[in-house]
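These notes concern the structure reproduced below.
The values are calculated or read from the model by the stated rules, or taken from the named source; none is laboratory data. Given the structure is predicted, the values throughout are model-derived calculations rather than measurements. Positions of Cβ are backbone-derived with ideal geometry, glycine not excepted, and every protein chain shown enters the neighbour counts.
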Amino acid sequence: MASSMRSLFSDHSRYVESFRRFLSSSTEHQCMQEFMDQKLPGIIARIGDTKSEIKILSIGGGAGEIDLQILSKVQAQYPGIHINNEVVEPSGEQIAKYKELVAKTSNLENIKFVWHKETSSEYQNRITEKKEIQKWDFIHMIQMLYYVKDIPATLKFFHSLLATNAKILIILVSGTSGWDKLWKKYRSRLPQYDLCQYVTSSDLSQMLDKLGIKYECYDLLSTMDISDCFIDGNENGDLLWDFLTETCNFNTTAPPDLKAEIMKDLQESEFSIKKEGKVLFNNNLSFIVVEA
Ligand SMILES: C[S@@+](CC[C@H](N)C(=O)[O-])C[C@H]1O[C@@H](n2cnc3c(N)ncnc32)[C@H](O)[C@@H]1O
């Protein structure tokens with residue numbers, strides 16, 4: 001690995017910008033919306049039974065777009081019930097965006113929002129030390145377990161916080177996605193960052209099996225349009241390269257042979273499909289539902 005390559009996570013603003021570009025170039029959030037519309041109502045059907053308030057814990061809620069979709073489904077299931085929505089999110093930038101979104105969204109009157117600017121393990125340590133452990137009716141961890149150091153311990157801890165009829169929803173890239181192939185083949189040649197793990201739903205299933213935790217897994221198709229990555233000097237393409245390789249300024253810092261190899265692979269059928277002149281990377285997602 002050339003020494004000038006550094007992890008995308010070392011530049012938080014660039015990480016956030018490349019994540020935004022990924023969201024606009026992919027069907028990531030549409031795929032999640034499809035799941036929330038079609039499957040979530042059944043999953044949350046009983047979480048609030050016999051309760052006067054529903055308590056939701058969002059781990060790594062980001063800018064809140066998906067969180068608000070979840071909240072609207074809970075409101076539809078339990079009209080008028082009071083909802084306490086707490087968010088554990090280490091990025092101040094993301095929390096600011098989340099608050100802006102809440103401020104401009106209507107119909108949230110029965111929801112109380114609380115944001116904790118901390119990581120999941122900081123949250124875990126804080127509430128354990130202060131003995132402020134409370135039970136939750138729905139906990140979600142959407143596209144964030146990559147950034148957790150000890151995933152089995154985290155799963156075990158949050159599972160222990162589930163109230164009666166409660167569920168955890170975890171969303172991660174699928175073991176059938178292009179990410180799985182990309183990470184397995186190239187991770188040793190890309191910058192290492194000990195706060196990011198290349199984990200997919202296949203790894204997660206093994207961890208849950210080992211912990212003896214029951215779950216169901218649903219896979220949905222999603223794609224990321226990476227056509228701009230093949231246009232020299234394209235700004236969007238540069239940011240998407242960074243997101244794909246988790247490398248800051250990959251295009252200007254990667255050794256040419258590494259870039260050429262990845263570029264060739266990205267066009268192969270196990271990584272992407274070609275449709276209407278576009279190259280669509282396989283971004284399939286897994287939705288894992290854990291029971292109390
Ligand atoms: C890929 S984004 C996903 C955001 C949102 N859930 C979504 O799907 O749009 C990952 C989020 O996890 C947050 N995050 C990173 N490390 C975390 C940790 N250790 N604990 C909790 N959140 C974390 C990041 O700040 C970021 O907002």
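Residues checked against (1) exposed (fewer than 14 other Cβ atoms within 10 Å of the Cβ); (2) not in a strand (DSSP E or B):
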| site | (1), (2) |
| --- | --- |
| 67 | no, yes |
| 76 | yes, yes |
| 85 | no, no |
| 96 | yes, yes |
| 105 | yes, yes |
| 115 | no, no |
| 121 | no, yes |
| 124 | no, yes |
| 127 | no, yes |
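If I filter region 3-20 down to residues being farther than 15 Å from residue 94 by Cα and touching a helix residue (DSSP H, G or I) at 6+ places or on another chain (Cβ under 7 Å), which single residue comes out as surrounded by the fewest Cβ atoms within 10 Å (Cβ to Cβ)? That would be 4.
Does residue 71 count as buried (at least 18 other Cβ atoms within 10 Å of the Cβ), of a type in the set (A, V, I, L, M) and either in a strand (DSSP E or B) or out of contact with any Pro (no Cβ under 8 Å at 6 or more places or on another chain) (or both)? Judged against the criteria, residue 71 is a match. Of note, residue 58 satisfies the criterion of being at negative phi, at pLDDT 95 or above and buried (at least 18 other Cβ atoms within 10 Å of the Cβ). Residues that are over 23 Å from residue 166 (Cα atoms), within 16 Å of the ligand (Cβ to nearest atom) and within 21 Å of the chain's Cα centre (by Cα): does region 59-73 have at least one? Checked region 59-73: at least one residue is over 23 Å from residue 166 (Cα atoms), within 16 Å of the ligand (Cβ to nearest atom) and within 21 Å of the chain's Cα centre (by Cα).
Screening residue 57 with (1) without any contact (Cβ under 8 Å) to a residue 60 or more places away in the chain; (2) in a strand (DSSP E or B) gives one miss only, at (1).
Listed here are the residues, each with its yes/no results for (1) within 30 Å of residue 291 (Cβ to Cβ); (2) part of a loop (DSSP other than H, G, I, E, B); (3) touching a residue at least 12 places away in the same chain (Cβ under 8 Å).
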| site | (1), (2), (3) |
| --- | --- |
| 213 | yes, yes, yes |
| 216 | yes, no, yes |
| 219 | yes, no, yes |
| 229 | no, no, yes |
| 236 | no, no, yes |
| 251 | no, no, yes |
| 257 | no, no, no |
| 260 | no, no, no |
| 270 | no, yes, yes |
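Pairing each residue of region 22-47 that is under 18 Å from residue 62 (Cα atoms) and of a type outside the set (A, V, I, L, M) with any residue that is outside any helix (DSSP H, G or I) and within 11 Å of the ligand (Cβ to nearest atom), provided the two are 6+ apart or on different chains, yields C-beta distances under 9 Å for 28/143; 28/285; 31/285. Does residue 197 count as at pLDDT below 95 and not aromatic (Phe, Trp, Tyr)? Judged against the criteria, residue 197 is a match.
Residues that are within 16 Å of the ligand (Cβ to nearest atom) and either closer than 30 Å to residue 274 by Cα or surrounded by fewer than 16 Cβ atoms within 10 Å (Cβ to Cβ) (or both) occur in region 185-194; there is at least one. For region 160-177, taking the residues that are in contact with a helix residue (DSSP H, G or I) (Cβ under 8 Å, 6 or more places away or on another chain) and of a type outside the set (Ser, Thr, Tyr), the one that is nearest to the ligand (Cβ to nearest atom) is identified as 171.
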